[in-house]
Amino acid sequence: MHCPYCQYPDSRVLDSRTAEDGASIRRRRQCPHCDRRFSTVEQIQIGVRKRSGVVEPFNREKVISGVRKACKGRPVDEEDLARLGAAVEAALRASGQAEVKADDVGLAILGPLRDLDQVAYLRFASVYRQFDSVDDFAAEIETLRAPADD
């Protein structure tokens with residue numbers, strides 16, 4: 001780690017602490033050249049492998065944006081979307097994989113979205129699972145109703 005003050009190419013770690021619910025590590029550092037202190041935040045970067053084979057960094061805002069479209073006109077506010085985005089990211093981090101498939105991101109969205117709003121869930125699932133007919137919707141609605149019947 002280069003010192004942000006004098007650009008010396010090394011630093012000494014004085015203290016390390018987990019931050020943001022364990023998703024990152026905050027380190028307090030000191031430059032051995034100029035003796036100034038600074039903080040860094042280290043975060044594990046999750047890569048998302050798209051269907052084309054391209055890998056891009058996971059972007060929580062992209063998840064929220066996609067879900068926001070499914071929630072249009074529904075009683076879902078920005079706080080709900082932020083919590084859903086955080087839940088999806090937490091689920092992906094919990095998998096322990098540095099790289100996940102784009103389909104895995106979609107699967108991670110479906111569970112929390114189903115709990116948040118079933119109509120938005122159907123909208124998202126219809127695109128994500130590429131529903132071709134009314135029968136696909138009917139089958140998905142039956143799976144939504146099944147837990148309520150127990």
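Pairs needed: first member in the stretch 54-72, in the same structural domain as E99 (by the TED database); second member anywhere, open to solvent by 80 Å² or more (accessible area, probe 1.4 Å); C-beta distance under 6 Å; at least 6 residues apart or different chains.
Cβ pairs passing all conditions: V55/R49; P57/Q45; A70/R123.
Got a number for residues in the stretch 22-34 being in contact (Cβ under 8 Å) with a residue 12 or more places away in the chain and within 30 Å of A91 (Cα to Cα)?
Taking the stretch 22-34 first, the residues in contact (Cβ under 8 Å) with a residue 12 or more places away in the chain are 23-34.
This time we only want the ones that are within 30 Å of A91 (Cα to Cα), so: 23-28.
Qualifying residue count, the stretch 22-34: 6.
If the requirement is being surrounded by 12 or more Cβ atoms within 10 Å (Cβ to Cβ), within 16 Å of V127 (Cβ to Cβ) and not assigned by the TED database to the domain that holds S24, which of these qualifies: L81, L113?
L113
I'm trying to understand the selection: among the residues of the stretch 16-57, which are in contact with a Pro (Cβ under 7 Å, 6 or more places away or on another chain) and open to solvent by 60 Å² or more (accessible area, probe 1.4 Å)?
Hit for the stretch 16-57 is Q45, nothing else.
Test C6 against the criterion of being farther than 23 Å from Q130 by Cα, surrounded by 15 or more Cβ atoms within 10 Å (Cβ to Cβ) and modelled with pLDDT of 95 or more, and give yes or no. Show your work before the answer.
Numbers: farther than 23 Å from Q130 by Cα: yes; surrounded by 15 or more Cβ atoms within 10 Å (Cβ to Cβ): no; modelled with pLDDT of 95 or more: yes.
The answer is no for C6.
Considering P112, P75, which residue is closer than 25 Å to R145 by Cα and either touching a residue at least 40 places away in the same chain (Cβ under 8 Å) or of a type in the set (S, T, Y) (or both)?
Values: P112 fails: either touching a residue at least 40 places away in the same chain (Cβ under 8 Å) or of a type in the set (S, T, Y) (or both).
Exactly one residue qualifies, and that residue is P75.
Could you list all residues from the stretch 116-143 that are aliphatic (A, V, I, L, M) and either open to solvent by 40 Å² or more (accessible area, probe 1.4 Å) or not assigned by the TED database to the domain that holds P75 (or both)? Give the steps one after another, and end with the answer.
Looking only at the stretch 116-143, we keep the residues that are aliphatic (A, V, I, L, M), and these are 116, 119-120, 122, 125, 127, 134, 138-139, 141.
Those that are aliphatic (A, V, I, L, M) and either open to solvent by 40 Å² or more (accessible area, probe 1.4 Å) or not assigned by the TED database to the domain that holds P75 (or both): L116, V119, V127, V134, A138, A139, I141.
The values are calculated or read from the model by the stated rules, or taken from the named source; none is laboratory data. Every value quoted in this text rests on a predicted model; they were computed, and no experiment measured them. As a convention, Cβ positions derive from the backbone with ideal geometry for all residues, glycine included, and neighbour counts pool all protein chains shown. Ligands, DNA and RNA are stripped out before the accessible areas are found, and what is left, the full protein with its side chains, is counted by its heavy atoms. Shrake-Rupley method; radii C 1.70, N 1.55, O 1.52, S 1.80 Å.
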